[in-house]
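Worksheet: one structure, shown below.
The values are calculated or read from the model by the stated rules, or taken from the named source; none is laboratory data. Keep in mind it's a predicted model, so treat the numbers as computed, not measured. When we count neighbours, we look across all protein chains shown, and the Cβ atoms used for this are built from the backbone with ideal geometry, even at glycine.
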């Protein structure tokens, strides 16, 4: 005997070997060892029929047919018109051949497809000259015996026909194969190819002796030996047209691995519709063939159908002859067959549920793991895009399972928390709770009128307005300052020592809101400068600064003669640095220039003659209400001013932050003038009674009222605190 | 009455009404106060825009086109003074649309970068170093303060006050400390006291600033009331 070739690695093995010596694959499927009640399927073990050999089983088939015909009353046969109407044409013609007096299908009714085959095969001549098939000859011989003889034989063998049928079924397949009629010469090539493909796809059952296995093509060797689907077919001589459909269809490339499917192309033959329906391979059929292979491979538990679940059909649709319209005589025969002799339906695979080891069971996620994986339709499954499974559809995705949140099955070790960490966690917890806590709804404000605010406001207004309304002159109300502030002497000296040939640069860096204060404070200084004959050039980093400068200086001097406006300097600190480095380039345009300078720039004024740098000014005076502007000028102008003194005229609120520049060891501010008292003192020093003196009484009255209000408020607070403390004491005593 | 005096009278009346409207906030927030505030904001913005046009944009970007002519514009000297500013202005205007706002990054980066460099450089050379040196004054009684003329015990007291105030104020803003094993992070008792002294200096500084702001406010109020009294007196 020949060796058995391993379906996995194609290694030849001894015939009696159970497993492959090379790869260990099982050579004899376990399922195939079970004896089939019907015996092997003839279509799969069909050897080549030997020409000229007389079939040995003709008698049993004749007996079966005789029994079938004898059971039917003769008059009932033609009554089955509905079935005949549904029967295919070829079956109708077959029945007609059984009717006495007819010799088989007439010549003109040979199917076209058969004629086409004959033409393609090069068979010429009349159809009647072609050799008739064996089955047709046997039918005619049967008819020649007469119906009476057949009936008589049927009566004699009525009791034990089933036994014989069983015995016949258990006969070696070679005998059955002999009964298969030989293919027509013109279509033998097709049958040979079909059977060859069947042999490639189906592993022959080892139960039967096969003379010699043809070498399996490498493309087909990937398939494992399969368990041949058991077909409950009674042994009978089937017409050639019926036998063809039983050839296992070739798997579709889409259902199997495309690269491993041998491509064999049959010539396009126009088959009858009935045969096409049976021959046409369907995915379920392929699955039936492949399923035994998969059973030997590692199985995915989700693919095992449990009890109650709808499993795959036990019988392959293509092998279910109930779905095939059989001749009525064959159907009757099937009905009369005893149930125990009929095909045994295979139940669901007797598979025990998988049991996991205890250690693996302990690691199994419990809460969120899905024990049942829903298999989506093939069209909806995701095509793997990378890795060795690229291109396959429906591959198990590792990422979703990994990313699936699940509770740890193993209890973690207790977390070691130090006191510090615990305190921090508690603090964080309290903070989070504090954020989540809803604030109580604010009480609706009572419609209480702000009497206290009105009282304070009215007091201030009256205090400030009363000296003005009473037309009190300075000195009549509040006494003028007797002592001169210490800061005035350096400032006065600077103005007195300033060169008349060089102009004084005055920076108006405040908004109109501070005009009332800074106008009163800066007026004495500007008056002193103009009185000394110094010319003034104004500049501002505020858009409203030039207008304020013009408003102030217009009361003290003459535009174009005593002062000139350089205008607005845009750009903040950057512009200040640019100006101190190159004044003419930074401020090319003036503001409110006099008529003689029309269509000219302020730099062409005689006031600014000879000025090209910051140090060319005799003095730089910065009038500002904010410490930021003062600091900007100090920082940017210090490297460029040289010996030119820098004077600051400040609002009272900005003084504390600018004074350090003045009182340093190396002062960056050479003089400072701030607050109304200093301005009044300066006016007294220059013997002037300008704006500062006119607001002195109002300022004094207002400050006095403010001080009184502050004292009253302080007393109110202290008394209230004492009362609360006393109530607390009394409460504790009572308690 | 001349035309100028009529305008001045109308201006005085409007200014007086606006002053009263602002002072009406004393009672509560009302329509008159909001109207006056909005009017001031609008007028200030319009005036600032007008000043920017007449003092910056027109003389810097428009006038050169007409004064220099095409030859002057194409001159190499105009690249940095005229062409580059125009390009920066145009790219900055692209910020109007979200689609083109990304192209305005260059002028913005130029503004922010140059501004920051100027401010930081000025702060270091003009404030940080000089003020740090100023806090390290000599305790020699013979020294004389150049600005104030102080000398002797008076100057030493002032120097000590400045030294203590500077150190304690800086210590108050020192929030880092070592944490005890119990988890508490407390300052040492000495640092606690220094921090308290620094807090006092800060409170005094803010108090002085508040008093100065209050003093300035009283002066401003006095000026406004005088203006109102003058306006009312001029009507009668």
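Couple of notes before you dig in:
- The range A:653-678, residues that are more than 8 Å from every other protein chain (Cβ to nearest Cβ), crowded, with 20+ Cβ neighbours inside 10 Å and part of a helix (DSSP H, G or I): A:658, A:677, A:678
- Screening the range A:679-697 for residues that are in contact (Cβ under 8 Å) with a residue 40 or more places away in the chain and part of a loop (DSSP other than H, G, I, E, B) and picking the one that is farthest from residue A:490 (Cα to Cα) gives A:695.
- The range A:581-598, subset under 60 Å from the mean Cα position of the chain (by Cα) and part of a helix (DSSP H, G or I), residue surrounded by the most Cβ atoms within 10 Å (Cβ to Cβ): A:586
- Against the test of being out of contact with any strand residue (DSSP E or B) (no Cβ under 7 Å at 6 or more places or on another chain), assigned to a helix (DSSP H, G or I) and crowded, with 20+ Cβ neighbours inside 10 Å, the options A:700, A:720 yield a single qualifying residue, A:700.
- Among the residues of the range A:614-629, those that are touching a residue at least 40 places away in the same chain (Cβ under 8 Å) and either more than 10 Å from chain B (Cβ to nearest Cβ) or more than 60 Å from the chain's Cα centre (by Cα) (or both) comprise A:614, A:616, A:617, A:618, A:619, A:620, A:621, A:622, A:623, A:624, A:626, A:629.
- All of (1) farther than 14 Å from residue B:130 by Cβ; (2) out of contact with any strand residue (DSSP E or B) (no Cβ under 7 Å at 6 or more places or on another chain); (3) within 12 Å of another protein chain (Cβ to nearest Cβ); (4) surrounded by fewer than 19 Cβ atoms within 10 Å (Cβ to Cβ) hold for residue A:639 with one exception: (1).
- Flag for residue B:156 being surrounded by 13 or more Cβ atoms within 10 Å (Cβ to Cβ), out of contact with any helix residue (DSSP H, G or I) (no Cβ under 8 Å at 6 or more places or on another chain) and more than 11 Å from every other protein chain (Cβ to nearest Cβ): yes
- Exactly one residue among A:611, A:649 is surrounded by fewer than 24 Cβ atoms within 10 Å (Cβ to Cβ) and closer than 15 Å to residue A:506 by Cα, and that residue is A:611.
- Exactly one residue out of B:98, B:146, B:141 is outside any helix (DSSP H, G or I) and in contact with a strand residue (DSSP E or B) (Cβ under 9 Å, 6 or more places away or on another chain), and it is B:141.
- One residue alone among B:222, B:203, B:231 is in a helix (DSSP H, G or I) and at the interface with chain A (Cβ under 8 Å from one of its Cβ atoms), and that residue is B:222.
- Residue check for residue B:170: farther than 30 Å from residue A:646 by Cβ, in a helix (DSSP H, G or I) and more than 14 Å from every other protein chain (Cβ to nearest Cβ): no
- Residue within the range B:174-190 that is loosely packed, with under 12 Cβ neighbours inside 10 Å, assigned to a helix (DSSP H, G or I) and either modelled with pLDDT under 90 or more than 14 Å from every other protein chain (Cβ to nearest Cβ) (or both) present: yes
- Output for the range B:125-137, where each listed residue is at pLDDT 75 or above and either more than 9 Å from chain A (Cβ to nearest Cβ) or in a loop (DSSP other than H, G, I, E, B) (or both): B:128, B:129, B:132, B:135, B:136
- Residue among B:211, B:216, B:123 that alone is surrounded by 13 or more Cβ atoms within 10 Å (Cβ to Cβ), assigned by TED's automatic domain parsing to the domain that holds residue B:25 and free of Cβ contacts under 8 Å to residues at least 40 places away in the same chain: B:123
- Of all the numbered requirements in (1) within 30 Å of residue B:40 (Cβ to Cβ); (2) within 14 Å of chain B (Cβ to nearest Cβ); (3) not in a loop (DSSP other than H, G, I, E, B), residue A:543 misses one, and that requirement is (3).
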